[in-house]
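Some notes on the structure that comes next.
The values are calculated or read from the model by the stated rules, or taken from the named source; none is laboratory data. Keep in mind that this is a model prediction, so the values were computed, not measured. Using ideal geometry, Cβ is built from the backbone for each residue, glycine included, and neighbour counts are taken over all protein chains shown.
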Amino acid sequence: VHTTQYDQHNSHDQSMLATPSTILDPLWYPDSGASHHITHDENNMSMKNTYTGADCVNIGNSTGLQIQHIGHSYFTSPHNSQPIVLNNLLHVPSITKKLLSVSKFSRDNKVFFEFFSLSL
């Protein structure tokens with residue numbers, strides 16, 4: 001958060017806005033390299049248990065991020081009424097993007113992903 005001191009004797013009108021230094025993205029991103037589904041928001045979980053293990057989520061710069069909960073999530077596809085399940089969803093508050101493990105998502109929901117290159 002960026003802050004500044006207020007000077008009531010300052011002759012200039014000012015508007016200040018405090019914003020978090022990290023903006024949390026509401027979208028889910030398919031990740032073909034992810035071993036688990038990961039969310040920063042425990043409210044994305046339909047069912048959860050406190051994680052008591054010693055494992056952490058390792059990200060690209062070799063940083064280990066703490067897992068707080070493990071659980072499941074269910075939601076309905078916008079294309080049909082079939083429920084979509086995210087089994088073994090990890091709650092990692094310090095991650096900024098919600099990640100879908102392509103392999104786990106495909107297996108658990110009996111779907112496949114098709115990727116195309118995009119040339120502009």
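The set of residues in region 40-54 that are surrounded by fewer than 17 Cβ atoms within 10 Å (Cβ to Cβ) and either outside any strand (DSSP E or B) or among the basic types (Lys, Arg) (or both) comprises 41, 42, 43, 46, 52, 53, 54. Candidates 69, 36: the one that is touching an Asp or Glu at 6+ places or on another chain (Cβ under 9 Å), surrounded by 12 or more Cβ atoms within 10 Å (Cβ to Cβ) and not hydrophobic (A, V, I, L, M, F, W, C) is 69. For region 23-39, check the following and say yes or no: at least one residue is part of a strand (DSSP E or B) and more than 15 Å from the chain's Cα centre (by Cα). No, that holds for no residue.
Could you list all residues from region 79-107 that are more than 18 Å from the chain's Cα centre (by Cα) and at pLDDT 95 or above? 106, 107, listed by residue number. Counting only strands (runs of 3 or more DSSP E) wholly contained in region 55-115, the ones carrying 1 or more residues that are among the small types (Gly, Ala, Ser), closer than 11 Å to residue 38 by Cβ and in contact (Cβ under 8 Å) with a residue 24 or more places away in the chain occupy 98-101.
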